[in-house]
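K.L.:
My questions all concern the structure below.
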């Protein structure tokens, strides 16, 4: 397999973008990524797009064709476009497919994009569409919601390891702080532990401020064979690992409810592929759809011992300047979570950090970073390791 | 959900009928036709569960799932059945009674409804033992 690099990035603002349509969003993100890379449309071999539920959110399927068409790549260039779906991990998986198509030698330059427009439907429809990431017949019909599933993970984590609501809230407070320094973030305001604990209970013990928001947004990256990357940019970001693992779709079928097996395995496969250990990673963008998800992720990926994630977060070990900065973008909580776009946005954030262009939220001396994108309650996990060095 | 989609799983939903792999003696609920241990070597037969189990973890849902708006807040739990498998279900009792490790048994209950004139869903919930 050939080495692959990211040579261009683009992202819309994330948020409730009432004045922007689904197609406005991905065109903006795609054009920014293409401009950032300096490639021409004729050089694009293929396009992968992560989108969880165009059918429910904007009543549109056949997303590949739509995106290729409105990105100006269909009518004359007829660029192949493939939609990739793995619930909230759709974006990470689209990136992985793009990397594999270049690594295999089949393509030289590929765009990986992600897009979701979630605010064109009411909250009840959006919640129900997201619930489709769980087992509809044996979780959803029983009354489970997504916050409800993660609440059950949180409850057991608290019971087994003494994790507290304050420790969970600390993840949200830290991510909001990081979000204040990210121009694309949905929320750019500081909050306190009390903000979280005094917000409405969604699914006990998770409050509203433990939950990521409903968002619109799109992001895109251009990936290329490493051998030609320097033709386009002085600062290619190299892909050291792309891995994926499946887990049971239902939370109740896990051997340990507080461990996402898919995260553990995708992480282990990534360390093996890159020839690295958690100590080699300078920063990580994890899938914090809920605060407890961030706590589990930093444990499952090997940065902290199982059960220590809450305490470490409260102690500031995951803040910028801490032992391992987590979610410098603001994460899903503060940057926003347009589900299909999230996995790509994580790579956009890392690329900015590894190029040294992340502004106020720059991690000093960042050389190697990891992304971690989860579908559902852990049915799919996708991990990437990116590096400044080939 | 359409009538047929709900109807075809009625034996499982109403009577807690799952499956059992006679090759490795593992029990499954929800029912599985492919044993993850034995895969194609597995011999699968229906199995009616006793309905007794223990709460592994739980939540109290305040923002309800579609169709459950009138019932919120409600208790939702992962319950490990005595025969081995775990499932997701509601526990009918006061919020303050809920605790990890509590013993429960299954009961036949109304799950929810689509609208005033829509389908009514029945199935299994749990009560403290």
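The values are calculated or read from the model by the stated rules, or taken from the named source; none is laboratory data. All figures in this text were calculated on a predicted structure; none of them were measured in a lab. Note: ideal-geometry Cβ built from the backbone for every residue, glycine included; neighbour counts use all protein chains shown.
K.L.:
Could you list, in sequence order, the residues of the stretch B:55-77 that are assigned to a strand (DSSP E or B), under 21 Å from residue A:128 (Cβ atoms) and within 7 Å of chain A (Cβ to nearest Cβ)?
P.N.:
Within the stretch B:55-77, B:59, B:60, B:61, B:74, B:76 meet the criteria.
K.L.:
Does residue A:189 satisfy the criteria of being touching a helix residue (DSSP H, G or I) at 6+ places or on another chain (Cβ under 7 Å), surrounded by fewer than 17 Cβ atoms within 10 Å (Cβ to Cβ) and within 20 Å of residue B:74 (Cα to Cα)?
P.N.:
Taking the combined requirement at face value, the residue does not satisfy it.
K.L.:
Okay, moving on. Consider residue B:112 carefully, then state whether it is within 14 Å of chain A (Cβ to nearest Cβ) and surrounded by 14 or more Cβ atoms within 10 Å (Cβ to Cβ).
P.N.:
When the stated conditions are applied, residue B:112 passes them.
K.L.:
If a residue must be in contact with a strand residue (DSSP E or B) (Cβ under 8 Å, 6 or more places away or on another chain) and free of Cβ contacts under 8 Å to residues at least 24 places away in the same chain, how many such residues does the stretch A:229-267 contain?
P.N.:
Residues that pass the stated criteria total 1.
K.L.:
I've got another one for you. Within the stretch B:5-24, does at least one residue satisfy the condition of being touching a residue at least 40 places away in the same chain (Cβ under 8 Å), within 13 Å of chain A (Cβ to nearest Cβ) and within 16 Å of residue A:253 (Cβ to Cβ)?
P.N.:
Among the residues of the stretch B:5-24, at least one is touching a residue at least 40 places away in the same chain (Cβ under 8 Å), within 13 Å of chain A (Cβ to nearest Cβ) and within 16 Å of residue A:253 (Cβ to Cβ), which makes the answer yes.
K.L.:
From (1) surrounded by fewer than 16 Cβ atoms within 10 Å (Cβ to Cβ); (2) in contact with a strand residue (DSSP E or B) (Cβ under 9 Å, 6 or more places away or on another chain); (3) at negative phi; (4) modelled with pLDDT of 95 or more, pick out the condition that doesn't hold for residue B:119.
P.N.:
That leaves (4) as the condition not met.
K.L.:
In the list A:149, A:206, A:168, which residue meets the criterion of being out of contact with any strand residue (DSSP E or B) (no Cβ under 7 Å at 6 or more places or on another chain), touching a residue at least 40 places away in the same chain (Cβ under 8 Å), within 22 Å of residue A:132 (Cα to Cα) and crowded, with 17+ Cβ neighbours inside 10 Å?
P.N.:
A:149
K.L.:
Moving on to the next point. Would you check if there is a residue in the stretch A:42-54 being assigned to a helix (DSSP H, G or I), more than 22 Å from the chain's Cα centre (by Cα) and either on the phi < 0 side of the Ramachandran plot or surrounded by fewer than 23 Cβ atoms within 10 Å (Cβ to Cβ) (or both)?
P.N.:
Yes: one or more hits.
K.L.:
As an exercise: evaluate residue B:104 against (1) free of Cβ contacts under 8 Å to residues at least 24 places away in the same chain; (2) over 23 Å from residue A:248 (Cα atoms); (3) outside any loop (DSSP other than H, G, I, E, B) and give the number of the one condition it does not meet.
P.N.:
Exception for residue B:104: condition (1).
K.L.:
Could you list, in sequence order, all residues of the stretch A:118-164 that are more than 24 Å from the chain's Cα centre (by Cα) and more than 12 Å from chain B (Cβ to nearest Cβ)?
P.N.:
A:161, A:162, A:163, A:164
K.L.:
Now, a different point. Which one of the conditions (1) surrounded by 17 or more Cβ atoms within 10 Å (Cβ to Cβ); (2) within 14 Å of another protein chain (Cβ to nearest Cβ) does residue A:255 fail to meet, given that it meets all the rest?
P.N.:
(1)
K.L.:
Out of the stretch A:111-127, which residues are touching a residue at least 40 places away in the same chain (Cβ under 8 Å) and surrounded by fewer than 24 Cβ atoms within 10 Å (Cβ to Cβ)?
P.N.:
A:119, A:120, A:121, A:123, A:125, A:126
K.L.:
Would you mention how many residues in the stretch A:32-65 are without any contact (Cβ under 8 Å) to a residue 60 or more places away in the chain and in contact with a strand residue (DSSP E or B) (Cβ under 7 Å, 6 or more places away or on another chain)?
P.N.:
Of the residues in that region, 3 qualify.
K.L.:
In the stretch B:34-54, what count of residues is obtained for those that are in a loop (DSSP other than H, G, I, E, B) and over 30 Å from residue B:92 (Cα atoms)?
P.N.:
Residues in the stretch B:34-54 being in a loop (DSSP other than H, G, I, E, B) and over 30 Å from residue B:92 (Cα atoms): 8 in total.
K.L.:
Inspect all residues belonging to the stretch A:280-296 and state whether any of them is in a helix (DSSP H, G or I) and surrounded by fewer than 22 Cβ atoms within 10 Å (Cβ to Cβ).
P.N.:
yes
K.L.:
So residue B:88 ticks every box in (1) part of a loop (DSSP other than H, G, I, E, B); (2) surrounded by 14 or more Cβ atoms within 10 Å (Cβ to Cβ); (3) modelled with pLDDT of 95 or more; (4) within 12 Å of chain A (Cβ to nearest Cβ) but one. Which box is left unticked?
P.N.:
Of everything listed in (1) part of a loop (DSSP other than H, G, I, E, B); (2) surrounded by 14 or more Cβ atoms within 10 Å (Cβ to Cβ); (3) modelled with pLDDT of 95 or more; (4) within 12 Å of chain A (Cβ to nearest Cβ), residue B:88 misses just condition (1).
K.L.:
Here's something else I'd like to know. Do we find that residue B:83 is closer than 19 Å to residue A:251 by Cα, away from chain A (no Cβ under 12 Å), assigned to a strand (DSSP E or B) and modelled with pLDDT of 95 or more in this structure?
P.N.:
Against the criterion (closer than 19 Å to residue A:251 by Cα, away from chain A (no Cβ under 12 Å), assigned to a strand (DSSP E or B) and modelled with pLDDT of 95 or more), residue B:83 does not qualify.
K.L.:
Residues in the stretch A:78-110 that are at positive phi and either surrounded by 19 or more Cβ atoms within 10 Å (Cβ to Cβ) or modelled with pLDDT under 95 (or both): how many?
P.N.:
So the answer is 1.
K.L.:
When you go through A:194, A:282 one by one, which is the residue that is in contact with a strand residue (DSSP E or B) (Cβ under 9 Å, 6 or more places away or on another chain) and either farther than 28 Å from residue A:149 by Cβ or at pLDDT 95 or above (or both)?
P.N.:
Answer to the check: A:282.
K.L.:
Same structure, new question: Is there a residue being part of a loop (DSSP other than H, G, I, E, B), within 12 Å of another protein chain (Cβ to nearest Cβ) and under 15 Å from the mean Cα position of the chain (by Cα) anywhere in the stretch B:91-99?
P.N.:
Checked the stretch B:91-99: at least one residue is part of a loop (DSSP other than H, G, I, E, B), within 12 Å of another protein chain (Cβ to nearest Cβ) and under 15 Å from the mean Cα position of the chain (by Cα).
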